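Single-structure report; data block below.
The values are calculated or read from the model by the stated rules, or taken from the named source; none is laboratory data. Remember, it's a predicted structure, so these values are computed and weren't measured experimentally. Positions of Cβ are generated from backbone atoms using ideal geometry, with glycine treated the same way; all protein chains shown enter the neighbour counts. Accessible surface is based on the protein model in full, side chains and every heavy atom, while ligands, DNA and RNA are left aside. Shrake-Rupley method; radii C 1.70, N 1.55, O 1.52, S 1.80 Å.
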Amino acid sequence: MPTLLGIDSGLTVTKAVIFDIDGTPLAAARRRVTQFIPKAHHIERDMDELWKATADAIREAISLSGRPASDIEGIAATAHGDGIYLLDHARKPLGRAILSLDSRAGAIVDRWTESDVADLAIELTGQIPHVSAPSALLAWIREMEPERYKRIGHFISCKDWLRFCLTGTIGTDRTEASTSFTNVKTQNYSEDALRLFGLQDLVDALPPASRSDQIVGRVTREAAQLTGLAEGTPVVAGLHDVTASALGAGGYAKGVVAVIAGTYSINETLSSEPRVDRRWFCRNGIAPGIWNSMSISPASTANYDWFLDTLCAAERKNGEAQGNSIHALLAPEIDAAFERPSTALFHPYLFGSPYGAAASAGFFGLGGWHDRGDMLRAVLEGIAFNHRIHVDALRDGFAFDQARLAGGISRNPAVVQMFADVLGMPVTVTETDEAAAWGAALCAASGAGVFADPQSDPRDTAAIAKTCRPDAARSADYEKRYQVFRDIADAMIPLWPRIAALAQMPAAAGDLGRRA
């Protein structure tokens, strides 16, 4: 019986999911991947560790599926976008990968914003450069690590590194190609974009761009030995995880805003013409002539994960050892907190924000009578409020009247209802545990000739969808809380740089920390 393999590699976890041809997940395996933080604003990972972890996950998923690897008709990877994965001229990893949570290039982006580069960039590429964009990171490497810069043979994305490890071929897809260096009108690479950022000498390092469902290679003998896959299995180009999540959740359509509450706050909608604005990125859709406008910031569930890792670590470890989920353990505390009034608010800006690189996270309105549940409620509300900032921006440029929510927290019905109340529109979730991996698998099926195109989802999405509609009274209450949230942020704008300046002192030698 035919099956499909979707690989989804996030910022902390890489996973492999085997799907039946009808979209039913047969097995999933996950591996955590170390994040290295050698100094403030630097967030990295070892590329070889990522590949080994992914290969282990693939082998386990095949075993758990109960189906032979030879049943897999096609493979596609999706992964976190932006950041940079470098190969030297011998096609070997050139140092650690730089993740999309990294903000080392903040000063360069500030310099571009203060000059005419930002205005020229949005006109040409459809987006303002941001701190983890390939353009900014490559410019930082050119200035700060010139010897490393000279050794760059190829720069690719996370999913493209996994594709290379599977097939030995270098390249990317249309969605990922548009992160920095494409002309927003033609949707093709532009040497003028490279020249704008002073990177024109890297023109030969640009990875060739293919359709997301185009077969770009086949599993090599070496990769087959590591993963348990059948040698020669076709691999397609894959796609950016933002688009993969929307596709897999049934939210890749005009008139809908896809809200992906993952590490990043992702909010996107489609159009048949390019519309540019400083508040969103206008990037390539899966097909030519379709644009994906996304308003984003690294300020979503990474904050919730940080809270669990930092303040609930012992309970999480003990719970996992006993087969219990930390989310289930905390659910009663969170539910109780939602039932009572609270003054606690949280800005979810641990790793970045819509207010620039200087912004930082913070609790406001805390009292000695508040408990952990109140703080977790504030974190979740802060995440939803930050999504609303982006959704409101998109509402100014596009027509949509419904949202599709994806991401781990979408499994909690109370959170889905909160998003509906905060956004003031119906929010639908699809019973798809692995939306991004399924979005990748749809591309694999299309490339293998199983489906006509990536949007030929065989599932009855209406039957597996659940919609929460906003409650007028709760929406009115959230409106008050949201306005206070925004007013505090506006008041903090001149203070955040002063707070950041407090850290201007030599850091201790070695890594500041590691995240497992």
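Using alpha-carbon positions, what is the distance between the centroids of region 432-490 and region 147-208, in Å?
29
Using 0.36 nm per residue of separation minus the Cα-Cα distance, give me the extension gain between Ala414 and Cys312 in nm, one decimal.
34.6 nm
With a ≥ b ≥ c taken as the square roots of the eigenvalues of the C-alpha gyration tensor of region 124-175, please select rounded if a/c is under 1.5 and otherwise prolate if a/b is larger than b/c or oblate if it is not?
Here region 124-175 falls in the oblate category.
May I ask you to compute the full-extension gain from Gln455 to Asp201, defined as 0.36 nm times their residue separation minus their alpha-carbon distance, rounded to one decimal in nm?
Full extension from Gln455 to Asp201 adds 87.7 nm.
By the gyration tensor of its Cα atoms, with a ≥ b ≥ c the square roots of the eigenvalues, what is the shape of region 350-395: rounded for a/c under 1.5, prolate for a/b over b/c, or oblate?
oblate
Which value, in debye to the nearest 20, gives the size of the charge dipole of the chain about its Cα centre, when Lys and Arg are +1 and Asp and Glu are -1 at the Cβ?
In total the dipole reaches around 520 debye.
If you take every residue apart from His370 with its C-beta less than 12 Å away from the C-beta of His370, what net charge results, scoring Lys and Arg +1 and Asp and Glu -1?
With Lys, Arg at +1 and Asp, Glu at -1, the neighbours total 0.
How large, in percent, is the carbon and sulfur part of the accessible surface of region 393-450 at a probe radius of 1.4 Å?
42
Compute the signed sum of charges (Lys and Arg +1, Asp and Glu -1) over the other residues within less than 11 Å, Cβ to Cβ, of Arg283.
Net charge in that neighbourhood comes out at -2.
Charges on Cβ only, +1 for Lys and Arg, -1 for Asp and Glu, centred on the Cα centroid of the chain; of Ala435, Phe451, Phe155, which one is farthest towards the dipole's positive end?
Ranked along the dipole, the leading option is Phe155.
Project the alpha carbons of the chain onto their principal axes and report the range along each, largest first, in whole Å.
Per principal axis, max minus min of the Cα coordinates gives 61, 52, 48 Å.
Net charge around Gly23, counting only other residues with Cβ within less than 9 Å of its Cβ (Lys, Arg = +1; Asp, Glu = -1)?
Charge balance in the 9 Å sphere: -2.
What number, rounded to the nearest 500 deg cm²/dmol, is the helix-based mean residue ellipticity at 222 nm of the chain, given -39500 (n - 2.57) per DSSP H run of at least four residues and division by all its residues?
After summing the helix terms and dividing by the residues of the chain, the value is -11500 deg cm²/dmol.
What ranking, highest mean first, results for peptides 59-71, 440-452 when packing means the other Cβ atoms within 10 Å averaged over each residue?
440-452, 59-71
Along the positive direction of the dipole of the chain (beta-carbon charges: Lys, Arg +1; Asp, Glu -1; about the Cα centre), which of Gly66, Val219, His41 reaches farthest?
It is His41.
Over region 361-516, give the accessible area per residue in Å² for a 1.4 Å probe, as an integer.
Accessible area per residue: 47 Å².
What is the mean projected area of the alpha carbon convex hull for region 231-302, to one decimal in square nanometres?
6.1
Let a ≥ b ≥ c be the square roots of the eigenvalues of the Cα gyration tensor of region 281-414; is it rounded (a/c under 1.5), or, if not, prolate (a/b larger than b/c) or oblate?
Note, shape of region 281-414 comes out prolate.
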